[in-house]
Structures are given as C-alpha cells and as structure tokens.
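A quick write-up on the structure given underneath.
The values are calculated or read from the model by the stated rules, or taken from the named source; none is laboratory data. This one's a predicted model, so the numbers in the text were calculated from it and none came from an experiment. Note that each Cβ is placed from the backbone with ideal geometry, even for glycine, and that neighbours are counted across all protein chains shown.
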Amino acid sequence: MRILLNPEGTRGDVYPLLALGEACRNAGHQVLMCAPPNFEVAARTRGFGFHSSGLDVEAALADHAGGVVGGGLALARGQRALMREFLGQCFGRVAAAAAGADLIVASGVSLAAPTAAELHAIPHRYVAYCPSLIPSREHPPAVLPAARLPDWAIRLAWGCIPVLLRPVLNGINARRRELGLAPARNPIAHMFGRQPVLMASDAALAAGPAHTRFAVEPIGALQADDEGALPEKLEAFLDAGPPPLYIGFGSMTDPAPVETTRILLDAIERSGCRAVLSRGWAGLGDGGLPEHVIAADAISHTKLFRRVAAVVHHGGAGTTTRAARAGAPQIVVPHLMDQFYWAERVRVLGLGPPPVCRRGLDAVRLAEAISATLDNDTVAESAANLGERLRRSDPLRPENRKTLLEQVLET
C-alpha cells in the first residue's frame, strides 16, 4: 500500500505520524509525507518521500510570537493570518502529493487532506492527539484557554465554533470550487472525514469522549521511544548531582526569550534545584547560565525524563505523554489550544499542581509550583504508577503494532 502522511502543524503534530510511518514502512508499505518544509530532513532520514505543504511553521509562529505568549486578540489575529496563508498554499500541494496514493493519514490542521482524498477517490483517516479537538459536552473546544466550564457554557462554546470557523470554511470551499468539488458544510466534520476519528491518546491519561456525534476509535498515543544517546555534556551534568528539573516549551515561540530565560532562572534559583533548560523554538537559555543549569537542544525525552525530578513544560500532547510514560511529575505552563486540556488532566490525575499560565508568567508563582511538586511524595507515587501502566499499553511496542496497523489501515 502507498500511504501519504499529511501532518500540518508543529513537532507535536508531525512526529507521531513519523512514528506511525516507520511502523507502516517496516510492515512493507511505501510511505510518503506531505508536511511543512521544516520537517523534510526528519522524513527523509526515515526513508520517506517528501513533499512540502508550503508553510514554514517555525518561521510563521516566530512572526506571531506575541500571540503565542499573550493569547487573546493578538493570538486570534495571528491565527487568522496564518490560516489565510496556509489555505492559499496547501490544497494544491497536498492534492499533487496524493496522486497515486492508496490512503491519506492526516493530523493537526490538515484541512486539505479530505479534499485531496475525495479528488483522487481514495480513503482518508484523521488522527486526533487530544480529546478536546472532538465536539463533546465533556469538555470545552480546544481553542478556549480553559479546561473547565459549566455544562451550559460548554454547549454555548461548541455552538459558536461553526460561526467562528466560517472564514475557514469559506477558504476551504473556495479551493474546492477550483478543483470542481461540492462545498463542505462543516469545517470540523470535513477535517475528520467519513471514517472514525483515530484517537491517538493513552486512555489512562486522556480517553476519547464518550458523548459525541463523531465515531471515535482509540489507538493509543503514537510517541515512539526516541533513539540516540544524550550528549556527553548533558550526561556529565546529570551524573554530577541530584536529578534536575527539565524546563522547556517545545514549539512555542517567544517575542522576548531573554526575559523569559531570566524568569525561569529566577524560579530555578528560588526552588533551590538544578535544571536542564531546553532552547526549543523560543531560543531560551542563550547567554551565560549558572553552573546548576545547562541548556539543551532537541534531545531524547524518553531517556532524559526518566532521570529528572519533574518536567516543566507547555502542555503539548507529546510532551505530556512522554513525561507521563516516564513516571515524572509535571508542572504545566499552557500557552494555547489543547495545552489547557492537558494541564487539567495533569492536575486531575495527581501528576502535578494546577497550571501556571504562560500569560503573565512570573518567577514567584512558578517557583511555588515547582517546590510544591518536588516536596510531594503523593504526586511522585501517582506519576510513577501511571507511568508503569502507560509503558505497557504503548501501541508502538512490537507486540502491539499489528493491532495498530490494522486499525489505521482499515478502510
């Protein structure tokens, strides 16, 4: 089978499909990827053919870093601008990449994949990494910076989503008209397609919604054990003292990385601990650092998280899952979208304290959350117990891969 993977978004959207693609390739299938150009090297090093879907996501988020950090109207304006640019580039590219494919598997903001599948008369599967992407009375929409609302507010919020997404739907239908296809009626239903949504989250951490009009098929989180040794300098740092904190915000950009680094270093100092500070897409940790802090580029979370005292992160689905599988306590600093949902799951499951929101982040509040987590044996025990359960259920373990591929490839 010739499979086209179409993840649209950041590392958290792309890398799970890279892991799925490797499982498909190892089972004898031909794998292609159409994704943001930032990820061409990652795809080609795995032996996949690659087509750019157009938008450089890292550069685009850097241009709108104020909205990523501040939220509110700045975030809304940035999202509208990005969506216009994205819709203008991706439809033709994804349709061209899909020529000759037998199946499209999509994730993230993959709005063009269903249209490409319809154009070429091939099946399409959508992979969701977070339950809050799926309309349900159990949670607010992922676009809201809140994970808990009264029932009436949740119903109202989901009722407003089609109105808010009307410009997106208009953009989708403009491209569909150019391709001679009938208009879509609902952007969410269009993105999910006709097949059941593949819910790629570990059920013990975040199960798919039970109350939704969409068919949902759980497959487990697609977080492969990242290979490769940790850098020698980092290994030496880890061996030189007690387990440090990990602090990193992944693909979240920042308009003032120097100031954010200062806040984080202040919180580390107040907490009296050592720390590994991930640079990420924000470029944190540049300049001089104290001896008890080390900066790190992209590294194996699987290996590192098993050796840290706690993980301070933005609340992406991938980082939350990797930290949970490692059995590490977590402090979540949500920036946007589904990160508020994951922050709430961490709190509810006893894996860490209530979230410390990125907007208005200050060293005192963050230090209090860190100290409360490091001094809490109950949190450490809850995290360790859940980690053991999650590692056993990993769908990418050799004994589970056959079932995973049967679920994904069934059309």
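Which residue is farthest from the chain's Cα centre (by Cα), if the candidates are limited to the range 162-187 and must be surrounded by 18 or more Cβ atoms within 10 Å (Cβ to Cβ) and among the β-branched types (Val, Ile, Thr)?
Ranking the qualifying residues of the range 162-187, first place goes to Ile172.
Identify, from the list Ala106, Ala116, Ala60, Ala76, the residue that is modelled with pLDDT under 85 and crowded, with 16+ Cβ neighbours inside 10 Å.
Answer to the selection: Ala60.
Can Gly66 be described as assigned to a helix (DSSP H, G or I), small (Gly, Ala, Ser) and either modelled with pLDDT of 75 or more or not assigned by TED's automatic domain parsing to the domain that holds Thr321 (or both)?
yes
With respect to Thr321, determine if the residue is in the same structural domain as Thr378 (by TED's automatic domain parsing), within 14 Å of the chain's Cα centre (by Cα) and over 15 Å from Met252 (Cβ atoms).
yes
If you check Ala275 against the conditions, is it under 24 Å from Phe39 (Cα atoms) and at pLDDT 90 or above?
no
Just name the residue that is nearest to the chain's Cα centre (by Cα) out of those in the range 128-145 that are outside any loop (DSSP other than H, G, I, E, B) and among the hydrophobic types (A, V, I, L, M, F, W, C).
Within the range 128-145, the match that is nearest to the chain's Cα centre (by Cα) is Ala128.
Checking the conditions here, which among Arg177, Arg125, Arg148 is charged (D, E, K, R) and assigned to a loop (DSSP other than H, G, I, E, B)?
Just one listed residue meets the conditions, Arg148.
Among the residues that make up the range 321-330, is at least one of them modelled with pLDDT of 95 or more, under 26 Å from Pro243 (Cβ atoms) and surrounded by fewer than 22 Cβ atoms within 10 Å (Cβ to Cβ)?
Looking through the range 321-330, at least one residue is modelled with pLDDT of 95 or more, under 26 Å from Pro243 (Cβ atoms) and surrounded by fewer than 22 Cβ atoms within 10 Å (Cβ to Cβ).
Among the residues that make up the range 392-403, is at least one of them modelled with pLDDT under 95 and buried (at least 19 other Cβ atoms within 10 Å of the Cβ)?
Checked against the condition, which is being modelled with pLDDT under 95 and buried (at least 19 other Cβ atoms within 10 Å of the Cβ), the range 392-403 yields at least one hit.
Show the residue pairs that are 6+ apart or on different chains and have beta-carbon atoms under 9 Å apart, the first residue being within the range 191-204 and not assigned by TED's automatic domain parsing to the domain that holds Ala324, the second being hydroxyl-bearing (Ser, Thr, Tyr) and assigned to a loop (DSSP other than H, G, I, E, B).
From the range 191-204, the pairs are Met191/Ser110; Gln195/Thr411; Val197/Thr212; Met199/Tyr129; Ala200/Tyr129; Ser201/Tyr129.
Give all pairs with beta carbons closer than 9 Å in which a residue from the range 230-247 that is under 20 Å from Ile370 (Cα atoms) and in the same structural domain as Leu277 (by TED's automatic domain parsing) meets a residue that is in a helix (DSSP H, G or I) and of a type in the set (Ser, Thr, Tyr); count only pairs at least 6 apart in sequence or on separate chains.
The qualifying pairs are Leu245/Ser271.
Against the conditions (1) in contact (Cβ under 8 Å) with a residue 24 or more places away in the chain; (2) in contact with a helix residue (DSSP H, G or I) (Cβ under 6 Å, 6 or more places away or on another chain), where does Leu169 fall short? Just the number, please.
(1)
Could you check the range 353-411 and list, in sequence order, the residues that are within 24 Å of Ala147 (Cβ to Cβ), touching a Pro at 6+ places or on another chain (Cβ under 7 Å) and among the β-branched types (Val, Ile, Thr)?
Within the range 353-411, Thr373, Val379 qualify.
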